[in-house]
Amino acid sequence: MSHIHALDQYHEEDSPIHRLDARPKLVVTLSFIVAITAIPHGAWPSFLLLLGTMGIVVVLSHVPPLVILRRSMVALPFALAAVTLVFTIDGTPLGSFKVGSWHVSITHQGLVAFTSIMVKAWLALLVATLLTATTTFPDLLVAMRGLRLPRVIISIISFMYRYIFVIADEALRLQRAREARSAEPDGKGGHSIVWRARVLGGMIGSLFLRSYERSERIYAAMLCRGFDGTIRAMRAEELTLADFVICLGFVTYLLAIVTLSRAHLRI
């Protein structure tokens, strides 16, 4: 289960960002994401200002910038679904081409909207990655409780984080078993695509059944130990004046950027 340590390897760093309480960090992160969403398309100076702010925070966190950059790119391909905006938003045409009997035009407004969505998605992933790299998961759960999130949601997130690694290890064992049973004397294996699809379907079904049965056993064990839907945790420490000042300062800073960008002022 080395993937657990790969996620937690920077939690023990000693930096100003690590020493901050998880609650103001979570509030600032959520405010940052809301600010990114509220900034209109094409406000490039505002995006650059937010990126520069993130760069300063990354330096203060002592986490290697390449690590943050690499982790933030993982989910970015999903934002490519917005590429259709390049062809569907009306505006000043930049070029056109034919796809069969279809005449497709690329517009300036569509290109700006698509690029803005990609930048917004990347900035949101960047700040979320930095939060998880500088805050332990138990501290994040405490912060969620401090923000009065529903207990059910907190419990689901907690169990998901705890057992996703167990499921991943189970999948690795299934994969090794498949490779051991499908090898050929010449070192090759796999057969046809249809055979691989059938085997993969069986592996997915087996993984689902094993996960379901494991969850039933875990839940029964929890009920035997008095679980009532609430995960008990130690009482969080009181927030200091510095925590309030930093949180309020960042939120005010983000609000100013959003206000100026929506007023069409170039910062």
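Annotations for the structure displayed:
- Consider the stretch 230-267 and keep the residues that are part of a loop (DSSP other than H, G, I, E, B) and closer than 11 Å to I39 by Cα. The one that is modelled with the lowest pLDDT is H264.
- Top-ranked residue in the stretch 54-63 [being within 22 Å of A242 (Cα to Cα) and touching a residue at least 24 places away in the same chain (Cβ under 8 Å); ranked as surrounded by the most Cβ atoms within 10 Å (Cβ to Cβ)]: V58
- Yes/no for T92 being under 25 Å from R262 (Cα atoms), in contact with a helix residue (DSSP H, G or I) (Cβ under 7 Å, 6 or more places away or on another chain) and either hydroxyl-bearing (S, T, Y) or crowded, with 19+ Cβ neighbours inside 10 Å (or both): yes
- Among the residues of the stretch 64-82, those identified as surrounded by fewer than 17 Cβ atoms within 10 Å (Cβ to Cβ) and either under 14 Å from V119 (Cβ atoms) or in contact with a Leu (Cβ under 9 Å, 6 or more places away or on another chain) (or both) are L69, M73, V74, A75, L76, L80.
- Selection within the stretch 41-72: residues that are over 21 Å from T136 (Cβ atoms) and not in a helix (DSSP H, G or I). The member of this set that is modelled with the lowest pLDDT is G42.
- Yes/no for T115 being surrounded by fewer than 19 Cβ atoms within 10 Å (Cβ to Cβ) and either in contact with a Phe, Trp or Tyr (Cβ under 9 Å, 6 or more places away or on another chain) or assigned to a helix (DSSP H, G or I) (or both): yes
- Some residue of the stretch 91-109 being in the same structural domain as I257 (by TED's automatic domain parsing) and in a helix (DSSP H, G or I): yes
- Within the stretch 12-40, the residues that satisfy the criterion of being surrounded by fewer than 16 Cβ atoms within 10 Å (Cβ to Cβ) and either modelled with pLDDT under 90 or of a type outside the set (A, V, I, L, M) (or both) are E12, E13, D14, S15, P16, R19, T37, P40.
The values are calculated or read from the model by the stated rules, or taken from the named source; none is laboratory data. On a predicted model such as this, the values are computed, not experimentally measured, just so you know. Positions of Cβ are generated from backbone atoms using ideal geometry, with glycine treated the same way; all protein chains shown enter the neighbour counts.
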